[in-house]
Amino acid sequence: MMELNAVAQPPSTAAPRPPTGVVYTRDRLPASEWIKLGSLVKVPAREKPLTVEEILAFLSDRPRFRRILFIAPRPHGYDVPPAPTPSFGYLGEAISGHGFEWRLLDLRLGGGLNEVRAAIREFRPDVIGYTFQFTIGAKRCMEFLHQIRRATDLPIVIGGAHLTIRGHNILEEAPKVLAAVQKEGEYPLLAILKGVPLERIPNLWIRQGNLVIETPLLGYVGELDSLPWPRYPGYDLERFAHVGQVDVLTSRGCPFLCTFCSVALTQGRRFRTRTPENVVQELRYWYDRGIRLFNFIDDILTVNKSRFHEVLDRIRRERFEGVTFSCTQGMRADACDLEMLEKMKDVGFEFLGFGVESGSERMLRTIKKGETLDEIDAAISNACKVGFEVGLFFIIGMPNETAEDVEKSFAFAFRHPVMYARFHACVPYPGTELAAWVDANSTWYVRPEVYLNDFSYHDGQIVFDCKGMSLSEHRRYLRRAYAVDAEVRRLYAVERMVRNGTPRIIASPASRVFYNPLYFNKLRRFVATNKLGASIKNVVSRVFNLQTRAHTGMAAITFNSGK
């Protein structure tokens, strides 16, 4: 029996819902609700949903669809993604094993409506699968969905992490879609294609006139090995920014309680993992096909230490020659000791990112990080001593954060010889504890419907009153944060150049020219928000793979605009 982690629902203290459902109106919504609802009526599905086993066993002489075209829109910016996105690979593999055909049109690589029309003519799909993968830029994705809707009469199924949080809202904005898939979509999508009656498919929002029917949530897939890992048939891997890199996802879910994070909303709080054998099978598959760069994109890769030690042991036994591994998402410091770091380095890991968030013990408690500053300091110290390239991620402007707290973060950024120290403005995401705090205790400077659809607000803009600093003081610290990051990168670049044979008398002044704080911020924003700037950055990344491994003394020149 396939294991499912059922989602326990807390008992409701609200009045019972009337039989006809609940009418959503704007006067019942908190300020952080950012999609217009209108007057939709939400009702529960009348039919009992199929289990995973029943979906797999469901047979039909006439499937509802046989070919699906996945479309990945460009939600913001102009960056070319570093590697294929595993989520599409997992969806495709889940259905191809049952005789269905799929293709991905990844518009993040370039293109627009003309490319959509061409893909439809060439592939001749029966249905379109459209993703709202991120909350950032969801409005832009919605506008493009309307363009697609006007260009074709094909049925459309929508999904993605944003749908899990705001599915019924999006059905108000996009009434002409067949269904919206919540949570993990592999088995619900398979059921849709097979022809299972929609009301009997779990994890769906279905629009019928002015009704939104929500089918029950079965829970999350417990046995991740039951899902075939991505093989990306038909992908041109040479078009991605990090040529020769594959992103690997070995786990889902997060049990931690960070107030700013939305991972638990979309993946659940149970930490679910693939077995070490299954992970290494994927690595071997790609290694045999010439791939030598692997980036683990798990949110908490090493939290089950015994399991990850076994992954490392199996990698060592496979004797992968010339392979480089990285973990860019942000390691948890309390989940990696010196023994693990030494073993990671021994098998080929080169880069680690750490989500520090703050150099203030008080702020770590405020945001429920679940780590102490001593644990974070020890992990970064050990990583640097072992020889890793290390990136740090901080947040400025968290609830009740003071100038003293920010100064502690700046000081912590210089404590170890790290590659960079990236400071993010604090941005509340819908559904998080942080967003609820702003609604209850603070004032919005910028409405969520604005900042969630303008990427520039994620690169140094202030959207709410943090209560610990005045607005002018808050702005000054965000400007200083870029200077701190520039200086951290400069110091790292100098040491790299010196180790590679450049005289310090040359390396130091050369680094000051490039990492001058007067224009470093402008350069970053040019890369993050300008098409020409992004094109230059993408070329540099492709040539040097600057964000995955430092090949030269100038490898610290990276323009990553986010975590």
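The values are calculated or read from the model by the stated rules, or taken from the named source; none is laboratory data. Owing to the predicted nature of the structure, the values given are computational and were not obtained by experimental measurement. Cβ atoms come from the backbone with ideal geometry, glycine included; neighbour counts cover every protein chain shown.
Points to keep in mind about this one:
- Scope the range 230-261; condition closer than 15 Å to E184 by Cβ and either in contact with a Lys or Arg (Cβ under 8 Å, 6 or more places away or on another chain) or not hydrophobic (A, V, I, L, M, F, W, C) (or both); matching residues: P230, S251, R252, G253, C254
- Count of the range 172-192 residues, restricted to those that are assigned to a helix (DSSP H, G or I) and surrounded by fewer than 24 Cβ atoms within 10 Å (Cβ to Cβ), is 4.
For every residue, the table says whether it meets (1) part of a loop (DSSP other than H, G, I, E, B); (2) over 30 Å from the mean Cα position of the chain (by Cα); (3) at pLDDT 90 or above.
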residue: S472; (1), (2), (3): no, yes, yes
residue: R475; (1), (2), (3): no, no, yes
residue: L518; (1), (2), (3): no, yes, no
residue: N521; (1), (2), (3): no, no, no
residue: R524; (1), (2), (3): no, no, no
residue: S535; (1), (2), (3): no, no, no
residue: V539; (1), (2), (3): no, no, no
residue: H551; (1), (2), (3): yes, no, no
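- The residues of the range 406-430 that are among the aliphatic types (A, V, I, L, M) and outside any helix (DSSP H, G or I), listed by number, are V418, M419, A421, A425, V427.
- Residues being of a type in the set (D, E) and part of a strand (DSSP E or B) - total across the range 363-405: 1
- For the range 220-256, a residue qualifies if it is of a type in the set (S, T, N, Q) and in a loop (DSSP other than H, G, I, E, B), and exactly one does: T250.
- Of all residues in the range 262-280, those satisfying the criterion of being farther than 14 Å from I297 by Cα and either of a type in the set (D, E, K, R) or without any contact (Cβ under 8 Å) to a residue 12 or more places away in the chain (or both) are A264, R269, R270, R272, E277.
- Residue count for the range 284-294 satisfying the condition of being surrounded by fewer than 21 Cβ atoms within 10 Å (Cβ to Cβ) and in contact with a strand residue (DSSP E or B) (Cβ under 7 Å, 6 or more places away or on another chain): 2.
- Which listed residue is closer than 29 Å to S262 by Cα, of a type in the set (F, W, Y) and at pLDDT 95 or above, from F134, F70, F88, F65: F70
- Residue that is modelled with the highest pLDDT [pool: residues in the range 98-114 that are loosely packed, with under 13 Cβ neighbours inside 10 Å and under 23 Å from the mean Cα position of the chain (by Cα)]: G112
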